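One structure is given here, and the rest of the page talks about it.
The values are calculated or read from the model by the stated rules, or taken from the named source; none is laboratory data. Worth saying up front: this structure is predicted, and the values here are computed from it rather than measured. Ideal geometry is used to build each Cβ from the backbone, glycine not excepted, and the neighbour counts take in all protein chains shown. These accessible areas exclude ligands, DNA and RNA; they are computed on the full protein's heavy atoms, side chains included. Shrake-Rupley method; radii C 1.70, N 1.55, O 1.52, S 1.80 Å.
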Amino acid sequence: QLKAKSSQRSFEKITLFDVTSASGNPIFTIAYLDQLLLIAKDASLVEEGLRKIKYHIPNQTKGIDQAHLIAEANVDANIFINYQKLPQFANIFTKPEFYNIFSNIKNFANWSVINLDLNEEEFKFSGVTYTDDSLFQFIDLFKNQNPKQLSLQKFMPKNTAMAFQMGFSDYLKFNSELQEYLQVKNKTNYYEKYSDSIESRYNIDITQNIISYIDGEASLVLTEPTSSNYSSNLSAFIRFKNPSAMADALKNIVQAMNKKGETDSVNYYHQGIEIERIKLGNFLKMYYGELMEGIYSPYYAQLEDIFVFANDVTTLKYIIDQYKTGNTLANDEHYK
């Protein structure tokens with residue numbers, strides 16, 4: 001709940017609504033003109049947009065002309081998403097302590113165009129997301145992947161607030177292109193230094209020991225936050241082939257750390273499922289890039305051929321409990 005109030009005013013003979021907090025701070029401004037709904041945190045952006053529409057001033061925003069060209073006509077609405085601006089827009093509806101959760105969206109793509117058809121029974125969405133030819137954006141990593149049916153919902157709790165899901169028909173090809181993406185983003189040295197430091201200290205290769213087992217699905221999941229520290233509710237759900245061999249590979253990493261005396265001695269069972277911890281920082285970034293940088297020194301458990309890596313052991317236990325009782329998204333009629 002925003003707990004806000006709105007006021008009405010006129011700009012260029014067009015009605016605007018300014019929404020402010022109870023203390024009078026601006027939250028967003030909204031206006032409607034020529035079948036376009038304009039909304040922004042900064043009122044001047046709405047005013048600028050209205051002026052451009054009214055006086056037919058060309059819009060210099062990169063990519064917007066291409067977005068208009070691929071939008072479908074004769075639908076009830078077209079929604080245009082500019083990924084460079086999306087995190088700032090999302091912050092309008094987000095508590096300040098959660099702002100960073102959307103920061104990586106800027107690197108996802110250039111624009112999305114969503115076509116919306118409405119009737120009394122359903123909303124129909126269709127659309128296109130495209131990237132900037134002059135940049136290497138995250139969604140480019142999937143151009144050579146075939147569509148895949150995703151099924152990690154079977155393991156996600158019913159109170160999942162957000163899930164960023166990825167499917168791979170050929171993970172090795174994805175990983176190869178990820179290395180090129182990191183190079184373009186000037187992150188290669190950072191990732192290589194991290195990997196080299198792990199190998200030097202523990203005499204383990206965290207890439208080769210894991211990559212060969214990665215299968216066709218991975219998801220970054222946020223369950224509904226119970227505090228202002230949303231990272232404690234973050235987890236990664238990853239499907240692996242040959243899960244028993246994968247379990248051994250993770251055990252070998254833990255044992256290598258044990259020899260250095262650098263683990264939390266976490267090794268116990270919850271609901272009959274073993275929980276371990278890998279205190280290697282955000283090592284999952286080596287396989288999925290910046291998307292997984294928020295998973296840090298996670299606790300992990302195996303659910304069938306799925307491994308769940310969670311920042312907080314309480315979150316991991318909760319995921320196990322919900323899985324055991326079948327209280328998951330896959331069994332939720334509203335989600336279906």
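Here are a few things to note about the model shown:
- Residue selected from the stretch 223-247 under the condition loosely packed, with under 13 Cβ neighbours inside 10 Å and at pLDDT 90 or above, by the criterion nearest to K154 (Cα to Cα): E224
Results for (1) within 30 Å of L234 (Cβ to Cβ); (2) out of contact with any helix residue (DSSP H, G or I) (no Cβ under 6 Å at 6 or more places or on another chain); (3) open to solvent by 90 Å² or more (accessible area, probe 1.4 Å), shown as yes or no for each residue.
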{"position": "P26", "(1), (2), (3)": "no, yes, yes"}
{"position": "T29", "(1), (2), (3)": "no, no, no"}
{"position": "L50", "(1), (2), (3)": "no, yes, no"}
{"position": "F89", "(1), (2), (3)": "yes, yes, no"}
{"position": "A109", "(1), (2), (3)": "yes, no, no"}
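- The lone criterion from (1) within 20 Å of the chain's Cα centre (by Cα); (2) not in a helix (DSSP H, G or I) left unmet by K336 is number (1).
- Of all residues in the stretch 1-23, those that are within 20 Å of N91 (Cα to Cα) and open to solvent by 40 Å² or more (accessible area, probe 1.4 Å) total 9.
- Here K260 does not fit the description of being within 20 Å of I210 (Cβ to Cβ), part of a loop (DSSP other than H, G, I, E, B), more than 22 Å from the chain's Cα centre (by Cα) and without any contact (Cβ under 8 Å) to a residue 40 or more places away in the chain.
- Search result, residues across the stretch 162-176 that are open to solvent by 60 Å² or more (accessible area, probe 1.4 Å) and within 10 Å of the chain's Cα centre (by Cα): M162, F164
- Tabulated pairs, the stretch 34-50, first over 15 Å from N82 (Cβ atoms), second modelled with pLDDT of 90 or more and assigned to a helix (DSSP H, G or I), C-beta under 8 angstrom, 6+ apart or interchain: D34/I53
- Here is the figure for the stretch 152-161: residues that are at pLDDT 95 or above and open to solvent by 50 Å² or more (accessible area, probe 1.4 Å) total 2.
- The single condition from (1) more than 20 Å from Q153 (Cα to Cα); (2) within 27 Å of the chain's Cα centre (by Cα); (3) part of a helix (DSSP H, G or I); (4) among the basic types (K, R) that K279 fails is (3).
- Members of the stretch 273-290 that are among the aliphatic types (A, V, I, L, M), farther than 23 Å from L182 by Cα and touching a Phe, Trp or Tyr at 6+ places or on another chain (Cβ under 8 Å): I275, I278
- The set of residues in the stretch 177-196 being of a type in the set (K, R) and either open to solvent by 90 Å² or more (accessible area, probe 1.4 Å) or under 15 Å from M292 (Cα atoms) (or both) consists of K187, K193.
Residues checked against (1) of a type in the set (S, T, N, Q); (2) part of a loop (DSSP other than H, G, I, E, B); (3) buried (at least 18 other Cβ atoms within 10 Å of the Cβ); (4) at pLDDT 95 or above:
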residue	(1), (2), (3), (4)
E97	no, no, no, no
N100	yes, no, no, no
T129	yes, no, no, no
S134	yes, yes, no, no
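- Taking the numbered list (1) more than 28 Å from the chain's Cα centre (by Cα); (2) part of a strand (DSSP E or B) in turn, G49 passes all entries but (2).
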